[in-house]
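Since the structure comes first, as structure tokens, the remarks are kept for the end.
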């Protein structure tokens, strides 16, 4: 128990250090390196994906204005392609995901998932696992903070209790805004501390892109 409390206390400190830059500011000219990964201004095609996805699902989607260098879609299949940010349940993808937004991408060894739900999802495990949630799937709360003016909750997603989830093995930030629940998180490859730093840096540069914007 003491170890869990210590981790949560550390998470609060890390999250608090990321709160000085608001989402309304312009990206800095330098490229910060967080936990060994360089973040750069998102290229035009990422913004185009955000706008296209928002129009298709009909609600605001989380759009990163800074991304890890060399970030690219994980791949998927010809029938079910995967984007950095895209509408789920299209084409040959599972139609139970229609209305959701899912992005799955990689940068080196790092795996990033960005997700949005068509409604507010109160249960964090269901918000993270989406329509793939099953009874017994659980996540562990690590902490709560405010980043770029948005209150977020941070969760550990154990693979053993989230089988098949794109977020399995990730440290995930979850928040709700405007009638929708959003999630993002990197794979926990180097420990909770380093992964939390990556999540925090990405969250600092997230902008909700409206369908008509």
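If I take R0 = 25 Å and measure r between the Cβ atoms of residue 146 and residue 210 in this structure, what FRET efficiency does the formula 1/(1 + (r/R0)^6) give, to the nearest 0.05? The computed FRET efficiency comes out at 0.70. Spin-label model, residue 69/residue 55: points 7 Å from Cα along the beta carbon direction are separated by 3.3 nm. Highest mean packing comes first when the peptides 128-134, 40-46 are listed by Cβ atoms within 10 Å, giving 128-134, 40-46. Residue 160 label point, 7 Å along Cα→Cβ, cut-off 18 Å on backbone N: hits in segment 128-146? So the set is 134-142.
With the Cα gyration tensor of segment 64-133 giving a ≥ b ≥ c as the square roots of its eigenvalues, does the rule (a/c under 1.5 for rounded; else a/b larger than b/c for prolate; else oblate) give rounded, prolate or oblate?
oblate
Can you classify segment 145-195 as rounded, prolate or oblate using the Cα gyration tensor, where a ≥ b ≥ c are the square roots of its eigenvalues, rounded means a/c under 1.5, and otherwise it's prolate if a/b beats b/c and oblate if not? Oblate shape, in that a/c is at least 1.5 and b/c is the bigger or equal ratio.
Once a ≥ b ≥ c are taken as the square roots of the eigenvalues of the Cα gyration tensor of segment 74-213, is the result rounded (a/c under 1.5), prolate (a/b larger than b/c) or oblate (a/b not larger than b/c)? Numbers along the way, then the final one.
On the way: a/c = 1.29, a/b = 1.17, b/c = 1.11.
Rounded, because the longest to shortest axis ratio a/c is under 1.5.
Under 18 Å from the 7 Å Cα→Cβ point of residue 119, by amide nitrogen: which residues of segment 181-206? Label zone hits: 181-183.
For segment 31-138, the relative contact order is 19 percent, taking Cα pairs closer than 8 Å that sit 6 or more residues apart in sequence and dividing their mean separation by the residue count.
We did not get these values from a lab; they are worked out from the coordinates using the rules stated. All of these numbers come straight from a predicted model, not from anything done at the bench. Backbone-built Cβ (ideal geometry, glycine too); neighbour counts: all protein chains shown.
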